[in-house]
Each structure stands twice: as C-alpha cells, then as structure tokens.
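**Q** Structure in structure tokens, see below.
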Amino acid sequence: MANVFNAAEIIDMGIAKEKKRRDFYGYAADKFKEKDMKDLFSRLRGWEDEHVKKFTDIRNSTETYEIKESYQGEFAAYMKFVVDDMLYKQVSAQWFAKNVKDSLTAIQYGIGFEKDAILFFSELLKYMMGPNREKVEELISEEKKHLIYLSELKVKYAK
C-alpha cells in the first residue's frame, strides 16, 4: 500500500525554506556597508518575510486532504531532496561570514535561492487545490520577479 501525506506537511516545508531564504538575506543586509547593498538585501528579506506570512495563511486555511504516492517512498524521497538541499544547510551567520565576501557572490546565492523557490512551489502546485493553488501561483510569480531583479543586478555588478 502506498504511503499517504498530508498537504499541510508540504506547506510546512515551504515555510521552513522561506525562513532560510529570509535569514540569508538578513545576513547579507547586516554584512554589507554599502547603502545600495544593505537596501537590496533588506528589501529581499522583507519580501521573504511576507512570503512566510502568506504561506502560514495558506497552511492555516488548508483543508485536511491526503497525497497518494504511485509507489512507496516516492514522495518522501523527493521532498526530502528538495527540502534538504545543501544550499539550505549552509545558511548560518558563521557560514555566511566565511563564504560570502562580496556583493556579486551574495547576489549569485540569492539567484540560487530564488530558482529553488520556483522549483519547490511549482512542485507544490501538484498537491494544492482551489484558492490555495492560486496563492501558490502568486508566490511563484513573485519569486520569478525576484529572480529577474537579482539577475539584472548580477549583470550590473559583474561589470
């Protein structure tokens, strides 16, 4: 018999990832002294904080429904990989201070986080219903805007 998962568990994973992204941007805002970089990462931190709130609202309004696997262990293995990515394990003040030395590097990590968010939320859509699905689609759209914003900054700072 296939394992069954509650959709709320998946949303909790999304909330945890949003908090890690928020923390990363917070470390960047604290590290850089240049006003434009401090403002950039403070703004990104605020955006991710809003996502935590939106995801929490989705979590609180999610009806209890179950997700079925096509074979035992399928969902757990895949979501564990998606959530336990090394990018997220690395996020700490100590790691950041040691590894992120300049604005371009911080922007590149931010791009990685935004791509990851788009992948995670896109996978989450498969398990969402009704108005919550629309909310997740809105979050994907916001993450795409963040990705474009950071990609444009990368070009600027790479020169």
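The numbers here are math on the coordinates, done by the rules we state, and not lab data. Since the structure is predicted, the reported quantities are computational estimates derived from the model, not experimental observations. Please note: Cβ atoms are built from the backbone with ideal geometry, for glycine as well, and neighbour counts cover all protein chains shown.
**Q** Summing Lys, Arg as +1 and Asp, Glu as -1, what charge do residues with Cβ under 12 Å from the Cβ of Ser151 carry, Ser151 excluded? Walk me through the intermediate numbers first.
**A** Numbers: positive: Lys115, Lys144, Lys145, Lys154, Lys156; negative: Glu114, Glu152.
Within the 12 Å Cβ shell, the charges total +3.
**Q** Work out the FRET efficiency for Ser42 and Glu152 from their Cβ-Cβ distance, taking R0 = 25 Å, and round it to the nearest 0.05. Don't skip to the end; give the middle numbers.
**A** Working: r = 18 Å, r/R0 = 0.72.
It comes to 0.90.
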